[in-house]
Amino acid sequence: MDVEKLKKINILYVEDDEAIMASFSKILKKVFNSVITASNGVEGLETFKAHKDEIDFVITDIKMPKMDGIDMSGEIKKIDPNMPCILTTAHGEYEYFLRADEVGIYRYVQKPLNVNELFSAISDFV
């Protein structure tokens, strides 16, 4: 994992669980250049549109109110087909992974989030 490359990356992190977002955002902010957060898929999509030239990577929960992470990622991919997206999930339902593949999701990481696994997934892309 090239830490210097990670320090140059700007992340959009979308998570509806406030406690998870607060704790994991602190970790992300120590590693990446900047972390922009949103608390649901609709807010995440609007945030992406407002900051699309600044965002290098999207990390999102799957199950969220208003719009799930897969649908949000699909809308983001319509705007920028090359935007890498990683899904985080505590669920193992196969249909989620099929939908994620159809949308072009880069990868997924199981919750509870393993920091090294997430950073490795991002490092694989950059």
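Where a number appears in this text, it was derived from the coordinates with a stated rule and is not lab data. It should be emphasised that the depicted structure is a prediction, and the values quoted were computed from it without experimental measurement. Reconstructed Cβ throughout: ideal geometry from the backbone, glycine too, with neighbour counts over all protein chains shown.
A compact table of results
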read-out: Sequence-separation-based contact order of the chain, relative, with Cα cut under 8 Å and 6+ spacing, percent; value: 23
read-out: Cross-link table K29/K63; K5/K66; K7/K66, entries beyond 26 Å C-alpha to C-alpha; value: K5/K66; K7/K66
read-out: Net charge over other residues, Cβ less than 12 angstrom from the Cβ of K49 (K, R count +1; D, E count -1); value: -4
read-out: Helical mean residue ellipticity (222 nm; -39500 (n - 2.57) per DSSP H run of 4+; nearest 500) of the chain; value: -14500 deg cm²/dmol
read-out: Nonlocal amide H pairs with I36, under 5 Å, H built at 1.01 Å; value: I11, L12, Y13
read-out: Proximal charge balance of S73 [Cβ under 12 Å; K/R count +1, D/E count -1]; value: -3
read-out: Hz values of 3J(HN,Hα) by residue in region 71-78 - Karplus curve (6.51, -1.76, 1.60), Gly and Pro given as x; value: 4, 4, 4, x, 5, 5, 5, 5
read-out: Highest-first arrangement of 78-88, 31-41, 54-64, 2-12, where packing means the average Cβ count within 10 Å; value: 54-64, 31-41, 78-88, 2-12
